[in-house]
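Note sheet for the following structure.
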Protein chains: 2
Amino acid sequence: EWLYMSENGALPRLGKVLTADTMNANVKKVDYAVRGPIVQRAVQIEKELKEGVKKPFEEVIKANIGDAHAMGQRPITFFRQVMALCTYPLLLDDNKFPEDVKNRARRILQSCGGNSIGAYTTSQGIDCVRHDVANYIQRRDGGIPSDPDNIYLTTGASDGIVTILKLLNTGEGRTRTGVMISIPQYPLYSASIAELGAVQVNYYLNEEKCWSLDISELQRSLQAAREHCNPSVLCIINPGNPTGQVQSRQCIEDVIQFAAKENLFLMADEVYQDNVYAEGCEFHSFKKVLFEMGPEYSSKVELASFHSTSKCYMGECGFRGGYMEVINMDPEVKAQLTKLVSVRLCPPAPGQALMDLVVNSPQPGEPSHQTFMKERTAILSALAEKAKLTEQILNTVPGISCNPVQGAMYSFPRITLPERSINEAKAKGQAPDMFYCMKLLEETGICLVPGSGFGQREGTYHFRMTILPPTDKLKTLLNKLKEFHQKFTQQYS
Amino acid sequence: EWLYMSENGALPRLGKVLTADTMNANVKKVDYAVRGPIVQRAVQIEKELKEGVKKPFEEVIKANIGDAHAMGQRPITFFRQVMALCTYPLLLDDNKFPEDVKNRARRILQSCGGNSIGAYTTSQGIDCVRHDVANYIQRRDGGIPSDPDNIYLTTGASDGIVTILKLLNTGEGRTRTGVMISIPQYPLYSASIAELGAVQVNYYLNEEKCWSLDISELQRSLQAAREHCNPSVLCIINPGNPTGQVQSRQCIEDVIQFAAKENLFLMADEVYQDNVYAEGCEFHSFKKVLFEMGPEYSSKVELASFHSTSKCYMGECGFRGGYMEVINMDPEVKAQLTKLVSVRLCPPAPGQALMDLVVNSPQPGEPSHQTFMKERTAILSALAEKAKLTEQILNTVPGISCNPVQGAMYSFPRITLPERSINEAKAKGQAPDMFYCMKLLEETGICLVPGSGFGQREGTYHFRMTILPPTDKLKTLLNKLKEFHQKFTQQYS
Ligand SMILES: Cc1ncc(COP(=O)(O)O)c(C=O)c1O
Ligand SMILES: Cc1ncc(COP(=O)(O)O)c(C=O)c1O
């Protein structure tokens with residue numbers, strides 16, 4: 001009867017089912033520097049400090065990740081008030097809360113199953129939220145229409161990006177999907193490409209021209225890729241992470257023309273759309289430029305663009321809200337996309353509600369408008385100031401050169417490393433800028449991400465640093481960094 | 001200069017990049033009945049009713065998905081109060097809220113970056129939440145230890161399940177990973193297996209014995225699968241969805257023995273662990289049974305078990321909270337898992353906070369305890385009553401036979417369909433029970449999911465119906481269903 005029992009009931013001696021050898025090999029290839037060894041060590045050091053271990057510093061300053069609230073930024077009052085009412089609707093009877101807060105909460109709850117954000121939503125996202133997103137896009141893009149049917153709410157922008165890459169992922173060997181990404185890049189891209197087993201196709205941003213994008217480099221990269229895979233998608237991050245550049249309207253037009261000509265699907269990562277600081281820079285959405293180029297383009301070029309609650313002035317990363325808009329997607333593919341997202345049921349409802357507030361913020365005349373504008377402006381001006389400050393101080397350090405932080409939340413300065421430190425790193429099997437950042441962390445408590453985590457031209461070295469710490473702390477950080485760099489350079493010269 | 005521009009500036013005439021032909025073929029194979037055509041039609045009908053279209057019914061009754069709040073279940077007060085305070089911490093000064101609510105909120109906020117649930121958390125999940133989960137498991141399992149390092153918080157159980165399947169997914173052709181799943185199954189499994197391109201290996205539950213699991217059937221299924229793939233993982237849902245059975249301790253022990261003998265990784269989907277209604281039935285976790293079987297098993301068998309905020313008495317689906325515990329996972333694989341989850345940054349913080357409250361609910365003596373217990377008990381007793389009611393009424397209908405709903409939230413009755421209806425369905429290219437459910441929807445407004453969406457033995461027909469509607473509505477539904485079945489049988493006889 002017990003077919004599977006051996007005579008004496010003993011179990012056969014077998015190893016584990018799931019081991020480093022038997023597991024999914026693509027997963028092993030995944031790399032994710034933003035939360036890599038540096039960050040793990042930083043967490044360890046924080047624990048050691050708590051336990052009373054003596055260090056040459058008192059706290060770890062994390063400038064490794066674009067996580068505004070963790071760096072002390074306060075949430076926008078209006079957003080949190082509405083979210084509290086959505087969460088505990090008895091508060092709708094509380095006089096503490098302004099009428100517009102109550103109205104928003106009621107409106108969101110009415111569009112939830114059983115009037116509860118505890119119900120699953122439709123897989124594509126709550127209807128009224130998708131309508132509000134479409135209205136927002138239309139306003140933002142000077143009236144160019146947006147269809148709520150083309151909006152998918154997501155679990156952060158990350159989720160949307162991975163989902164679109166998944167749809168595009170196909171072929172074997174020379175027909176394998178190639179995904180063109182900028183170098184330096186946000187490592188979600190390389191990680192997802194590795195996980196899917198697609199081919200990463202690098203195009204380099206031009207550091208000399210403020211990290212701008214050259215079409216000739218796109219062309220070079222595409223031609224080279226066609227030798228060994230099927231490059232079918234071009235990813236753009238604008239404003240840029242980790243590089244902080246803001247693309248000109250002309251550049252975007254050129255990219256769209258290139259995509260049209262070369263038959264590439266465009267993915268526009270626009271999560272930093274409110275984070276533009278430099279004079280003369282402005283955010284232009286790919287959608288808007290596409291439609292301004294006329295029907296020859298706007299009826300043809302396939303585009304997915306991504307937004308998130310995590311960045312801009314709100315920095316609500318923990319809620320994992322986001323949306324994507326798909327343009328010119330084949331209707332059959334769209335049906336497949338809708339089916340695919342339904343397997344995971346739905347994005348988190350609180351994140352969807354928060355996304356709604358972001359795209360439908362208090363209007364002039366509403367009771368919350370003034371406070372909202374004050375909070376929003378204060379955050380964005382402080383970021384603009386810190387962008388400037390970062391660039392200025394870093395450029396005073398011999399051996400560090402930093403492009404203007406035109407937008408987003410990061411600087412990605414180039415560092416000159418002494419030959420001896422490079423050799424020592426290599427002897428240790430470490431990337432030279434990882435060696436540098438690890439030493440920086442151990443000696444100063446400053447946590448940055450080495451440029452090698454984002455990709456960079458062979459033989460160049462960088463680090464990424466967020467501009468999110470409060471101004472005072474940022475100044476301290478920059479001055480410590482300056483001091484460290486000088487010491488490090490001396491030590492290894 | 002514009003290498004890619006043709007002489008006259010015209011674009012080459014190319015089709016779309018992403019089409020049904022060029023897209024990821026695995027995605028096309030994905031099927032997800034719980035949100036399939038029936039549900040889409042139900043949404044349409046609701047719109048039509050709103051627009052005033054006349055129907056033979058006044059509302060759509062959705063018994064297609066385990067979404068408690070959408071069916072009118074009220075959230076647990078304590079959970080929502082704490083969540084409101086976490087969301088808008090100024091409420092910590094409000095006398096309306098009991099002290100234990102405030103303490104929980106403070107504790108959660110203190111473990112968030114910048115004391116905000118708007119910060120990204122560590123990728124594995126908030127430290128204190130993982131500790132609370134481990135303590136909960138230890139209490140639940142009569143003291144068997146649980147290590148917070150083995151706990152991963154997830155975006156609903158769905159996310160955890162897909163992540164573990166991803167790790168296990170490898171090989172080509174005959175070495176491709178085979179995933180053993182029960183038939184009938186919860187279609188997340190078949191969908192994820194299809195998406196990953198793994199091999200679905202079916203084992204059939206025994207409908208005659210109240211949907212129990214026979215080891216001989218596992219053995220048959222495994223042997224057959226070994227002819228064409230590498231079955232390396234066995235998935236169990238207990239209490240069962242869609243079948244509502246609760247596994248005996250003996251059965252679980254047998255399954256573990258089988259997995260040990262055959263070297264299978266075990267995935268235990270235990271999201272319904274509080275949903276046990278039938279006398280003589282009790283929930284036994286795989287973890288507990290594994291450890292009670294002694295070190296020969298407990299030091300060897302690899303197990304991942306899953307839980308969620310979506311089910312049980314709380315029904316907080318929209319928050320997408322969940323956790324998984326991994327046991328005996330190879331340390332290198334665990335490192336890979338931690339890296340993999342870090343790519344998506346973190347699960348939603350509100351879902352994590354809610355999971356914390358579920359595993360750390362009010363204790364006797366705390367101000368919220370009494371209300372909490374009253375609400376919890378009311379919900380679970382009502383479910384128990386509705387489980388009984390559903391079985392009883394369905395079994396009065398000639399041509400419907402329904403196993404006891406021992407647990408979970410569903411009945412999965414077998415229906416006898418007249419030959420002529422089967423032929424008519426087949427002529428339409430529809431599964432016969434899809435044909436039946438679609439007619440039911442059009443004529444009565446009742447929305448169920450056909451058995452074919454979950455899998456069933458060839459030639460048998462079923463539907464899945466949740467027991468979630470309020471008792472009154474459930475009675476109406478069951479009586480309408482009875483009437484419909486009789487009419488349908490007559491019409492096609
Ligand atoms: C360029 C870019 N895209 C996407 C994301 C993902 O953001 P989220 O998933 O939190 O929305 C980030 C986060 O830092 C980012 O910098
Ligand atoms: C057996 C089973 N597992 C997993 C899930 C997924 O639940 P969630 O992702 O909402 O936690 C469900 C949902 O119905 C289920 O029934």
Contact list please: Cβ distance under 8 Å, first residue in segment A:297-313 and within 10 Å of chain B (Cβ to nearest Cβ), second residue within 16 Å of ligand 2 (Cβ to nearest atom) and open to solvent by less than 10 Å² (accessible area, probe 1.4 Å), pairs at least six apart or on different chains.
A:Thr309/A:Arg320; A:Thr309/A:Gly351; A:Ser310/A:Arg320
Look through B:Arg107, B:Arg140 and report the one residue that is without any contact (Cβ under 8 Å) to a residue 40 or more places away in the chain and basic (Lys, Arg).
B:Arg107
Can you find even one residue in segment B:342-362 that is of a type in the set (Asp, Glu), crowded, with 19+ Cβ neighbours inside 10 Å and in a helix (DSSP H, G or I)?
yes
Residues of segment B:50-76 being open to solvent by 40 Å² or more (accessible area, probe 1.4 Å) and out of contact with any strand residue (DSSP E or B) (no Cβ under 8 Å at 6 or more places or on another chain), in sequence order, are B:Lys50, B:Glu51, B:Gly52, B:Val53, B:Lys54, B:Lys55, B:Pro56, B:Glu58, B:Glu59, B:Gly72, B:Arg74
Any residue in segment B:265-293 that is within 19 Å of A:Val17 (Cβ to Cβ) sitting within a Cβ distance under 8 Å of a residue that is of a type in the set (Gly, Ala, Ser) and assigned to a loop (DSSP other than H, G, I, E, B)? List the pairs, counting only those 6 or more apart or interchain.
B:Ala268/B:Ser285; B:Lys287/B:Ser146
Among the residues of segment B:373-388, is any within 14 Å of chain A (Cβ to nearest Cβ), more than 16 Å from ligand 2 (Cβ to nearest atom) and either open to solvent by less than 40 Å² (accessible area, probe 1.4 Å) or among the hydroxyl-bearing types (Ser, Thr, Tyr) (or both)?
yes
Please go through (1) open to solvent by 10 Å² or more (accessible area, probe 1.4 Å); (2) modelled with pLDDT of 95 or more; (3) in a loop (DSSP other than H, G, I, E, B); (4) within 16 Å of ligand 2 (Cβ to nearest atom) for A:Ser123 and return the number of the only condition it doesn't satisfy.
(2)
Looking at segment A:242-257, I want the residues that are basic (Lys, Arg) and have a partner that is in a loop (DSSP other than H, G, I, E, B) with Cβ atoms under 8 Å, at least 6 apart or on another chain. Which pairs are those?
A:Arg249/A:Glu282; A:Arg249/A:His284
From the option list B:Gly453, B:Gly429, B:Gly459, single residue qualifying as touching a helix residue (DSSP H, G or I) at 6+ places or on another chain (Cβ under 7 Å), of a type in the set (Gly, Ala, Ser) and at pLDDT below 95 is B:Gly453
Consider segment A:304-328. How many of its residues are farther than 16 Å from A:Gly125 by Cβ, open to solvent by less than 20 Å² (accessible area, probe 1.4 Å) and away from ligand 1 (no atom under 16 Å from the Cβ)?
1
Matching residues in segment A:15-49 - criterion: being open to solvent by 60 Å² or more (accessible area, probe 1.4 Å) and away from every other protein chain (no Cβ under 12 Å):
A:Gln44
Qualifying residue in segment B:278-288 (condition: among the charged types (D, E, K, R), touching a His at 6+ places or on another chain (Cβ under 8 Å) and assigned to a loop (DSSP other than H, G, I, E, B)):
no
Residue pairs within 8 Å by beta carbon, gap of at least six or interchain, first lying in segment B:57-75 and assigned by the TED database to the domain that holds B:Leu380 and assigned to a loop (DSSP other than H, G, I, E, B), second surrounded by fewer than 23 Cβ atoms within 10 Å (Cβ to Cβ) and among the polar types (S, T, N, Q), listed first then second, are B:Phe57/B:Thr444
Identify the residue in segment A:125-177 that is of a type in the set (Gly, Ala, Ser) and more than 12 Å from chain B (Cβ to nearest Cβ) and, among all such residues, is farthest from A:Glu332 (Cα to Cα).
A:Gly142
Residue ID - farthest from the chain's Cα centre (by Cα), chosen from residues in segment B:336-363 that are facing chain A (nearest Cβ under 9 Å), over 18 Å from B:Ile117 (Cα atoms) and among the hydrophobic types (A, V, I, L, M, F, W, C):
B:Val343
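The values are calculated or read from the model by the stated rules, or taken from the named source; none is laboratory data. Predicted, not measured: the structure shown is a model, and the values here were computed from it. Virtual Cβ from ideal backbone geometry, glycine too; neighbours counted across all protein chains shown. Areas reflect the complete protein model, heavy atoms only, side chains present, ligands, DNA and RNA absent. Shrake-Rupley method; radii C 1.70, N 1.55, O 1.52, S 1.80 Å.
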